[in-house]
Each structure stands twice: as C-alpha cells, then as structure tokens.
Amino acid sequence: MLQTPMTVESTNDIVRRMSGIRVHPVIILDDLAHAVPVARALSDGGVPVAEITLRTPCAADAIRAIATECPDVLVGAGTVLTPGQAAEARAAGARFFVTPGFSPAVVDYCLEHAIPIFPGICTPTELEAAMDRGLRVVKFFPAEPLGGAEFLKVMASPYAGVSFLPSGGITIDSLPGYLALDIVVSCGCNWLAPRESIRVGDFRGITRNASRTIAVAHPPVVAHAGG
C-alpha cells in the first residue's frame, strides 16, 4: 500500500509557493478516479496546486492520491469545517487548509499541529480575530459579492503586514484587479477545473484553462526604452 508522503513545510513555505503561481484551483471531486488526472492536467498547464474541497465523500482519498502520486503538486484541503475533517485531511497528506469562515476550533487545531491554515474572513472583526492568533495570511471570502478587489483594498488598509487569498466569484476577467494588489498572495479560481469538465473527463480542457490563466496571472513584462 502506498504511503502518503509526510511534509514539514511552514506557512511561509506554502505562501511562497502560492505567491509564485498566483492562482489556486478550488476543486470539487465526485469520483476518486479523477483526482490524479486533474492534478496532472493542472500541473501540465503551469498550475501545480490544488485545493480539494471536503464537500464529497471521496475528497480525503483524493487528497491522499494526489499527495502520493503527484508529489510536485501542492495539494490542500478546502471547506474544512470541523477539527475532525482537519484531522482526516491531515492524515491524507493535505499540506494546507482553507476554511470558508473563521472557525476558532479548526484554527486552533491547525496551530496546535503546525499546519498552514488560511481561515475565511470578510470583516475587520474576523480579520482581527485571526491576527489575535498570530495569523498573517487569510482567505477573503466571498470576494466578488462583497465588493471585489476595491472592497478588499479598503477593508485591509488599516492592517499592515496581512496578506490575502481572495476567493468566491472571481473570474478570469476580474483576476488582474486582485493580483494588482500587493496584499494578494493567490486567488482561488473555480474555472480552472470546473466540476462538469472533470465529470466528463475533459482533462485537456483543464490544461488549456490553466495555461490561459497563467498567461493572465503572469503577463509579459514590456521593456521601455530609456532616455
């Protein structure tokens, strides 16, 4: 039986990797057989990261499969709602956790076990709760319904040294507005590996989505003539 590889990455290690990619797919998997092909398709398109949401029965096993068979893909667990789910995802090999809201129980479990955790926040009060626990990188959710990049910029302005993973309703068209903010590490994207594309096995389409998104997230630098 294949063993899940153990990792000792710090939150800084994870943030450094995510900031280099700038986007992270938010993925719902209904069939365990699709886990590794999706991870490989994303990696082939330049996005070697996957946030597997714990919304389906096969999610933990999907994390384990990716962690074991695609060690170069940074796999994490999303929609972590309870410490029990966190423990299961940890055992499966998740290298970072993301929650939709600020759950003190989940945050405390992750801090106790030195697991990189990015809890969801959408207000200054929730942000301060995260900061009180020493967290300096959080998820901003749901980003677009709350007012998008402009809202995030204003809301975060009093809090120096905090960075964000915006997610929720972001599109490839609104992506540049978030990435233009120096407080944004990476954006959660659900168009990279849509549930329907996964269901029908359109892995080439997922690779194309990833390549297109990376081109938007990393536009070529235009040299200007000096003088």
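The values are calculated or read from the model by the stated rules, or taken from the named source; none is laboratory data. What you see is a predicted model, and the numbers here were worked out from it, not measured in a lab. Positions of Cβ are backbone-derived with ideal geometry, glycine not excepted, and every protein chain shown enters the neighbour counts. To get the accessible areas, we keep the full protein, side chains included, count just its heavy atoms, and leave off ligands, DNA and RNA. Shrake-Rupley method; radii C 1.70, N 1.55, O 1.52, S 1.80 Å.
Specify which of the listed residues (E126, E196, E144) is more than 20 Å from V15 (Cβ to Cβ) and in contact (Cβ under 8 Å) with a residue 12 or more places away in the chain.
Values: E126 fails: more than 20 Å from V15 (Cβ to Cβ); E196 fails: in contact (Cβ under 8 Å) with a residue 12 or more places away in the chain.
Selected residue: E144, the only one of E126, E196, E144 that is more than 20 Å from V15 (Cβ to Cβ) and in contact (Cβ under 8 Å) with a residue 12 or more places away in the chain.
What single numbered condition from (1) within 21 Å of V138 (Cα to Cα); (2) modelled with pLDDT under 95; (3) open to solvent by 50 Å² or more (accessible area, probe 1.4 Å); (4) not β-branched (V, I, T) fails to hold for R16?
Going through (1) within 21 Å of V138 (Cα to Cα); (2) modelled with pLDDT under 95; (3) open to solvent by 50 Å² or more (accessible area, probe 1.4 Å); (4) not β-branched (V, I, T) one by one, R16 breaks only (2).
Going by the structure shown, is A50 in a loop (DSSP other than H, G, I, E, B) and under 27 Å from Y178 (Cβ atoms)? Outline the logic, then answer.
Details: in a loop (DSSP other than H, G, I, E, B): no; under 27 Å from Y178 (Cβ atoms): yes.
Here the answer is no, as A50 does not meet what is asked.
List every residue pair whose Cβ atoms sit under 8 Å apart, with the two residues 6 or more apart in sequence or on different chains, where the first one lies in the stretch 20-32 and is open to solvent by less than 40 Å² (accessible area, probe 1.4 Å) and the second, anywhere, is part of a loop (DSSP other than H, G, I, E, B) and β-branched (V, I, T).
Close Cβ pairs (under 8 Å, with a partner that is part of a loop (DSSP other than H, G, I, E, B) and β-branched (V, I, T)) amount to I21/V47; V23/V47; H24/V47; P25/V47; I28/T56; L29/T56.
As an exercise: evaluate D61 against (1) within 16 Å of the chain's Cα centre (by Cα); (2) part of a helix (DSSP H, G or I) and give the number of the one condition it does not meet.
The one condition D61 does not meet is (1).
Can you tell me which of V98, V75, V80 is of a type in the set (V, I, T), out of contact with any Gly (no Cβ under 9 Å at 6 or more places or on another chain) and surrounded by 23 or more Cβ atoms within 10 Å (Cβ to Cβ)?
That would be V80, the only listed residue that is of a type in the set (V, I, T), out of contact with any Gly (no Cβ under 9 Å at 6 or more places or on another chain) and surrounded by 23 or more Cβ atoms within 10 Å (Cβ to Cβ).
Exactly one of these conditions fails for V36: (1) touching a Lys or Arg at 6+ places or on another chain (Cβ under 9 Å); (2) of a type in the set (A, V, I, L, M, F, W, C); (3) in a helix (DSSP H, G or I). Give me its number.
Only one criterion in (1) touching a Lys or Arg at 6+ places or on another chain (Cβ under 9 Å); (2) of a type in the set (A, V, I, L, M, F, W, C); (3) in a helix (DSSP H, G or I) is unmet by V36, namely (1).
Please find, within the stretch 129-150, the residue that is nearest to R22 (Cα to Cα) out of those that are over 20 Å from the mean Cα position of the chain (by Cα) and not small (G, A, S).
E150
For the stretch 102-113, name all the residues that are under 21 Å from V185 (Cβ atoms), among the hydrophobic types (A, V, I, L, M, F, W, C) and in contact with a helix residue (DSSP H, G or I) (Cβ under 9 Å, 6 or more places away or on another chain). Please lay out each step first, then the result.
Step one: list which residues in the stretch 102-113 are under 21 Å from V185 (Cβ atoms), which gives 102-103, 106-107, 110-111.
Within this subset, residues satisfying the condition of being among the hydrophobic types (A, V, I, L, M, F, W, C) are 102, 106-107, 110-111.
Scanning the stretch 102-113 gives F102, V106, V107, C110.
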